[in-house]
Each structure stands twice: as structure tokens, then as C-alpha cells.
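Where a number appears in this text, it was derived from the coordinates with a stated rule and is not lab data. These figures come from a predicted structure and were not determined experimentally. Using ideal geometry, Cβ is built from the backbone for each residue, glycine included, and neighbour counts are taken over all protein chains shown.
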Amino acid sequence: MIGELAILWKSLTNSYKVNEKISEEVFAKILQNYQEFHRYYHNLEHISELLCWSQKFENKLNNSETVQFSIWFHDIIYKSHRKDNEVRSADFAKLQLKKMQIPKKIIKMVCEYILATKSHQAPNDIDLQYFLDFDLAILGASPLKYEKYQKAVRKEYSFVPDFLYRKARKKVLQNFLGRSQIFFQLTDLEEIARKNIQNELNG
């Protein structure tokens, strides 16, 4: 998987003529962060999945590179006991993208997209809507894959007692069910996502 990711990263950075050594240095940092021992879901497999979604819908995106950079960096900082992961990830992305001399407009949008993963709201921005949908696509996965995701997330919060975790998780899931729609663009996933969420709540 790392080999495939390396090819995708090189293709993305080459499109901006990024210095090869700097590109490799940033990629090494990406690998290091997403391979941290405490990551069971927010890891390289998650990034790979989102990149696959972005490739599948590339012709629907106005700026696929912005979405791809957002995917690479959106969970680059992930500590399950903290509440500022999105801000710290955006800051990390900004620093690395500047180092690679990515255009300021792209950097600004990437940071905005990363911060949007906290609320998952995307008014009037098709690319952001797709990006956020890609991030939540696991909710509309097969029941077996959803169960695997559910268990992986629980492992990331293994330090939280069961009764507290169930209470917090219930609040998150009910928030999704309370929306008029979970997905902005990937509406085919809506029905199965609601079934998966309800099954978890009933479990």
C-alpha cells in the first residue's frame, strides 16, 4: 500500500513541480504520523480509501489537487484525547505546503477544508462537499466493514471507560441521524449509512 501511496503523492507534487527531495521529506513525515501506534482507523488505510474516492469522482471536482492535499493532511495530527486535532492538522498542512511552495490559494483552501471536518458542514462548495462525503463514506460501507470501523474507533479510545464512551458515541451518532442528510453528494450511501448507525445504536 505504501508503494501505491508514494506513487500518488509523487504524481500530486509533480503537478506543482515540487522539489523532489522536499516532496520525499514531507511524504516521510506523512507516513510517520499516520503509522503512529495508537491509530487503528485514522491511519494510512483511511487515507488510501479517501484517495480512491477522490479518483473515482475526479471528473466531478473543480480542483482535485486541493481535495487530494486535504485528504493527505486532514488527520495528520490525531490524538483521541484532544479536541484541537483539526486546527493542529491545518497548521501542519500549512507549514508543509508552504515548504513545497504550493500556491497560497490552494494552501488556504486546504486549511479551510481540514477545519471543516470538525463540523462537516459545506455550504455552496462542491469540492468540499465531496471531500467531507469521502471522509464519512465509511458510514455507508457494508455492515461487516462498518463493524470493523466501529471496533477500530473504539480501540483509539481504549482509555475511555465503556459507559462514558457509549454515551459520547451515542451523541455523535444521533447527531448524524438528526441531519436532514448525512451526505451532500454521495447520496447513494445515505440509506445504508442510517441503517449502520441505527444498528450500532441498537447494539
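Structure summary
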{"item": "Whole-number percent relative contact order across the chain, with pairs defined as alpha carbons under 8 Å at least 6 apart", "result": "19"}
{"item": "Degrees, to the nearest 10: 2-14 long Cα axis against longest axis of the chain", "result": "50"}
{"item": "Simple label model, 7 Å out from Cα along Cβ direction - Arg154 to Glu4, nm", "result": "2.8"}
{"item": "Set Lys17/Lys98; Lys56/Lys105; Lys21/Lys98; Lys83/Lys118; Lys17/Lys99 screened for pairs whose C-alpha atoms are more than 18 Å apart", "result": "Lys56/Lys105"}
{"item": "Centre separation in Å (Cα based) which lies between the range 27-42 and the range 148-192", "result": "22"}
{"item": "Distance in nm between pseudo-label sites at His38 and Lys167 (7 Å out along the Cβ direction from Cα)", "result": "2.1"}
{"item": "Relative packing of 10-20, 83-93, 63-73, which averages over residues the other C-beta atoms within 10 Å, highest first", "result": "63-73, 83-93, 10-20"}
{"item": "Charge sum, other residues only, whose C-beta stays under 11 Å from Tyr34's C-beta, Lys/Arg counted +1 and Asp/Glu -1", "result": "-1"}
{"item": "Label-point gap, in nm, between Lys56 and Tyr16 - each point 7 angstrom along Cα→Cβ", "result": "2.6"}
{"item": "Gln181/Lys108 FRET efficiency (R0 41 Å; Cβ-Cβ; nearest 0.05)", "result": "0.90"}
{"item": "Matching label, percent of Cα pairs over 33 Å apart computed from the structure shown, candidates [x] 28; [y] 13; [z] 6", "result": "[y]"}
